[in-house]
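Worksheet for the structure shown next.
The values are calculated or read from the model by the stated rules, or taken from the named source; none is laboratory data. Worth saying up front: this structure is predicted, and the values here are computed from it rather than measured. Counting neighbours? That spans all protein chains shown, and the Cβs are built from the backbone with ideal geometry, glycine included. Heads up: the accessible areas ignore ligands, DNA and RNA and are worked out on the full protein's heavy atoms, side chains in. Shrake-Rupley method; radii C 1.70, N 1.55, O 1.52, S 1.80 Å.
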Amino acid sequence: MTTIIYFVLILVLPLYAQFKVKSTYKKFSQVGARNGMTGAEVARMILDHHGLYDVRVVPTQGVLSDHYNPATKTVALSESNYYESSLAGIAVAAHEVGHAIQHAEAYSFLTFRSKLVPVANISSSASWIFVIIGMLAQLPGLLLVGIVLLAAGVLFQVVTLPVEFDASKRAMQEVTSLGIIGSDEERPARKVLNAAAMTYVAATAVAVLELVRLLLIFKSMNED
């Protein structure tokens with residue numbers, strides 16, 4: 001029964017988070033912002049307010065493909081958010097600019113996450129090779145190697161949480177203090193940001209659950 005509950009959780013959590021963010025984004029992407037500003041204009045306004053004139057704002061293809069690239073100092077907004085005016089677009093644009101501000105201020109969690117990127121990329125690819133071989137061949141040593149590598153990826157996801165929550169907090173502060181949205185528009189904007197954050201929470205929860213499960217398997221193998 002416990003195993004069934006576990007697999008239901010790791011399947012349902014990510015699916016629900018994805019459904020929530022897509023449905024919330026779709027709903028409020030159809031609600032025009034009162035000020036008529038596009039996501040690109042909002043991003044540029046906040047960046048200039050912080051003196052980040054060297055950070056570019058560019059359109060990118062896809063839906064919810066918005067991101068900030070610290071290597072190129074580029075805020076990339078999906079085309080609908082870049083060109084159109086909506087509460088969802090404003091919230092997403094401000095969130096990505098929040099990451100640019102974090103970068104400029106050398107926000108500790110963002111700096112730490114950036115250092116973890118190469119480690120996480122390697123470990124996420126290699127971890128399951130050791131885990132699968134270790135479990136099939138009943139070799140606790142190989143399983144442990146896989147667990148350690150997987151733990152590095154889990155650490156990356158855990159560190160991502162404060163980075164994302166802080167960017168959303170900064171986003172709300174900026175759009176309200178600069179008068180980009182009115183008081184009646186704050187709740188919808190916050191809903192968009194909270195739904196997006198849920199995807200990171202779900203991914204982290206699933207990763208932690210899987211790590212705990214493998215640790216229990218490793219413990220059981222050693223006891224046998």
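Structure above, values below:
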quantity	calculated
Derived scalar couplings ³J(HN,Hα) [region 33-45; Karplus, 6.51 cos²θ - 1.76 cosθ + 1.60; whole Hz; x for Gly, Pro]	6, 4, 7, x, 6, 7, x, 4, 5, 5, 4, 5, 5
Contact order relative to length of region 60-191, as percent, for alpha carbon pairs under 8 angstrom and 6 or more apart	25
Length released on extending from Leu11 to Arg187, taking residue separation times 0.36 nm less the Cα-Cα span	60.4 nm
Ratio of Rg to Rh over region 1-134 (Cα coordinates, Kirkwood Rh, two decimals)	1.08
Spherically averaged projected area of the chain from its Cα convex hull (nm²)	13.6
Virtual spin-label span in nm between Ala104 and Val58, 7 Å along Cα→Cβ	2.0
Value at 222 nm in deg cm²/dmol, rounded to 500, when DSSP H runs of n ≥ 4 in the chain each add -39,500 (n - 2.57)	-26500 deg cm²/dmol
Relative contact order, percent, the chain [alpha-carbon distance under 8 Å, six or more residues apart]	24
Highest-MSF residue in the chain out of Gly179, Gly98, Gly89 [GNM, Cα springs under 10 Å]	Gly179
Cα centroid separation, region 188-216 to region 124-158 (Å)	20
Mean accessible surface per residue for the chain, computed with a 1.4 Å probe while every protein chain stays in place, in Å²	53
Built amide H within the under 5 Å cut-off of Thr60, gap 5+	Leu77, Ser78, Glu79
Region 1-107: relative contact order in percent, alpha carbon pairs under 8 Å with at least 6 residues between	30
Debye equation applied to the C-alpha atoms of region 140-179, log10 I(q)/I(0) at 0.34 Å⁻¹	-0.97
Spatial extent of region 95-174: Rg and Dmax, with the Cα atoms as the point set, Å	16.6, 55
Vicinal HN-Hα couplings computed from phi for region 6-11 (Karplus, 6.51 cos²θ - 1.76 cosθ + 1.60; Hz; Gly/Pro x)	4, 5, 5, 4, 6, 8
Cα-based shape type of region 100-224, given that a ≥ b ≥ c are square roots of the gyration tensor eigenvalues and the cut on a/c is 1.5	prolate
Fraction of accessible area attributable to carbon and sulfur, region 112-153 (%, probe 1.4 Å)	79
With every protein chain in place, region 1-102: carbon and sulfur % of accessible area (1.4 Å)	62
Efficiency of FRET from Cβ geometry, Thr111 and Glu223, R₀ 30 Å, rounded to 0.05	0.15
For region 202-208, Karplus couplings with θ = phi - 60° (6.51, -1.76, 1.60), whole Hz, Gly/Pro x	4, 4, 5, 4, 5, 5, 5
Cut-off 19 Å, label 7 Å out along Cα→Cβ of Arg213, residues of region 8-30 by amide N	8-18
Area accessible to solvent at Lys115, 1.4 Å probe radius, in Å²	140
